[in-house]
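Inspection log for the structure reproduced underneath, given as structure tokens.
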Amino acid sequence: VRAGVRTPDVISLHPGTAGGFDIRVGLGVIDRLASILKEEAPAHRYAVIADRNVAELHGSRIGRLLETGGLDAEFFDFTPGEASKTRAVWATLTDALLEHGFGRDCCIISLGGGVAGDLAGFVAATFMRGVAFVQIPTSLLAMIDASIGGKTGLDVPGGKNLVGAFLQPRVVLTDPSFLATLPEREFTAGVAEAVKHGMIASERYLEEIEANTDSIRRRDERTILELVRGSVRIKSEIVGDDVLEAGRRAILNFGHTIGHAIEHVLDYTLPHGFAVAMGMVVESGIGETVGITAPGTRRRLEAALHRLGLPTAAPPGIDAQSIVAATGMDKKARASRVRYALVSSAGSCRPGTAGRWTVEVPDAVVLDALRNRPAPVSQETTDV
Ligand SMILES: NC(=O)c1ccc[n+]([C@@H]2O[C@H](COP(=O)([O-])OP(=O)(O)OC[C@H]3O[C@@H](n4cnc5c(N)ncnc54)[C@H](O)[C@@H]3O)[C@@H](O)[C@H]2O)c1
Ligand SMILES: [Zn+2]
């Protein structure tokens, strides 16, 4: 069994095109780092960009793997957290690369969570007008979400992720064994995006999650490998279909219109995944009200989230009206009308009129869905 689990899965994005690349998923995939780099991203020198937490925990192992593989590499680190996804940190990293003599023939490796991926990716997209890029995601969110889809970027005073570029990596090495050191809160937040993948695209995958909530929370190695593998497949399939976000990719925004609004109202003190969990519940309620989502979907989702340790309702202190007001600020709201990506049932989304994947919903319906708080938030998840 062990040998089977250790065989890495290879998921190919845009196969047969110039920008095609593989996501290699497996326990122990990282041990083959040097040979994978030689094959997929040969370069004169490698620059590994990581936040200090991840650099301290995993940097020396990565350094050893590169060195024994005969690859010339240097590490560049930054302060952990979203606050580092700025032009200032981008400039510091870029200047450090220049100072250390990195040139066009280098390859930039992001090692870490979504912040490292977005930041290092934007450095790679802009350094010398673009150099080779490789991702090593180490948070659950980065493995199943941020490392897939080619979006890189920074936060600016005007909003999150408003400056960036599309850049596909040469290869992504997704090794769930990194998750052993991930703090519980970060892990649980990541699980919300896995639930989202099940909700929008695969009832079978959702059922797997529902049947394994305990082993997911225990981080049973095999269960987590399956979770990561299933989510990577779903997200890859959706973005591979719709690289420039013209259509179906919008379904990935399920739970996010309300989720982003809640994050905004709470001044980003809540982990993103927690806000998405709450957002998915509310948006299922909206869908049920407008007749797009099958009745009972909201209750089923609430039950699953609850068992996974995720919140199912916005914290009681926050006013529904302020959440509705904040939905208008989402950058995905076009022409100031708020559109929602709603599921038709647990596990599927269908295009509506004129083939569109999102629908406009009146504020009154959103308010009602927000005010319906049937499931209490569990202690561990209100403690944020
Ligand atoms: N590009 C995209 O398509 C996309 C999609 C979703 C999210 N994102 C971005 O991703 C970011 C959030 O990602 P995140 O939640 O991974 O945040 P993060 O990168 O800040 O990581 C969260 C925390 O976990 C730590 N960490 C990561 N891996 C670890 C490990 N293996 N062991 C111990 N600690 C570890 C980090 O040091 C950090 O403190 C946001 O900036 C968001 O905008 C991007
Ligand atoms: Zn998200």
- Return yes or no: is Gly291 within 15 Å of ligand 1 (Cβ to nearest atom) and under 20 Å from Ser344 (Cα atoms)? no
- Query: What are the residue pairs meeting all of these: first residue in region 344-364, first residue under 12 Å from Ala201 (Cβ atoms), second residue among the acidic types (Asp, Glu) and surrounded by fewer than 18 Cβ atoms within 10 Å (Cβ to Cβ), Cβ atoms under 6 Å, and 6 or more apart or on different chains?
  - Reply: Ala346/Glu203; Gly347/Glu203
- Message: Pull out all pairs, ordered by first then second residue, where Cβ-Cβ is under 6 Å, the residues are six or more apart or on different chains, the first lies in region 13-36 and is within 18 Å of Ala132 (Cα to Cα) and in contact (Cβ under 8 Å) with a residue 60 or more places away in the chain, and the second is charged (D, E, K, R) and surrounded by 15 or more Cβ atoms within 10 Å (Cβ to Cβ).
- Response: Phe21/Arg170
- Message: Whether any residue in region 9-31 is away from ligand 1 (no atom under 15 Å from the Cβ), on the phi > 0 side of the Ramachandran plot and over 25 Å from the mean Cα position of the chain (by Cα) is what I want to check.
- Response: yes
- Item | Candidate set: region 211-228, residues that are surrounded by fewer than 17 Cβ atoms within 10 Å (Cβ to Cβ) and not in a loop (DSSP other than H, G, I, E, B); chosen: the one nearest to ligand 2 (Cβ to nearest atom) | Arg217
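Would you confirm whether any residue within region 122-139 is in a strand (DSSP E or B), near ligand 1 (Cβ under 8 Å from one of its atoms) and within 15 Å of the chain's Cα centre (by Cα)?
Yes, region 122-139 has at least one match.
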- Test Asp105 against the stated conditions and say whether it is of a type in the set (D, E, K, R), touching a residue at least 12 places away in the same chain (Cβ under 8 Å), closer than 19 Å to Gln168 by Cα and more than 16 Å from ligand 2 (Cβ to nearest atom). yes
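Being in a helix (DSSP H, G or I), within 19 Å of Ala142 (Cα to Cα) and among the charged types (D, E, K, R), is that true of even one residue in region 51-60?
Our first condition is that a residue be in a helix (DSSP H, G or I); within region 51-60, this holds for 52-60.
From what is left, the residues that are within 19 Å of Ala142 (Cα to Cα) are 52-59.
The next check asks that each one be among the charged types (D, E, K, R); those that pass are 52, 56.
Checking region 51-60: at least one residue is in a helix (DSSP H, G or I), within 19 Å of Ala142 (Cα to Cα) and among the charged types (D, E, K, R).
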- Query: Within region 117-127, is even one residue within 16 Å of ligand 2 (Cβ to nearest atom) and within 20 Å of Gly63 (Cβ to Cβ)?
  - Reply: yes
- within 11 Å of ligand 1 (Cβ to nearest atom) and closer than 17 Å to Leu179 by Cα - does that describe any residue in region 88-111? yes
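Quick grid of which residues meet (1) among the basic types (Lys, Arg); (2) crowded, with 18+ Cβ neighbours inside 10 Å; (3) within 16 Å of ligand 1 (Cβ to nearest atom):
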site: Gly230; (1), (2), (3): no, yes, no
site: Arg233; (1), (2), (3): yes, yes, no
site: Arg249; (1), (2), (3): yes, yes, yes
site: Gly255; (1), (2), (3): no, yes, yes
site: Pro271; (1), (2), (3): no, yes, yes
site: His306; (1), (2), (3): no, yes, no
site: Pro311; (1), (2), (3): no, yes, no
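Bear in mind that the values in this text are calculations on the coordinates, not laboratory data. These numbers were taken from a predicted model, which means no experiment stands behind them. A quick note on method: Cβ atoms are made from the backbone with ideal geometry, for glycine too, and the neighbour counts reach across all protein chains shown.
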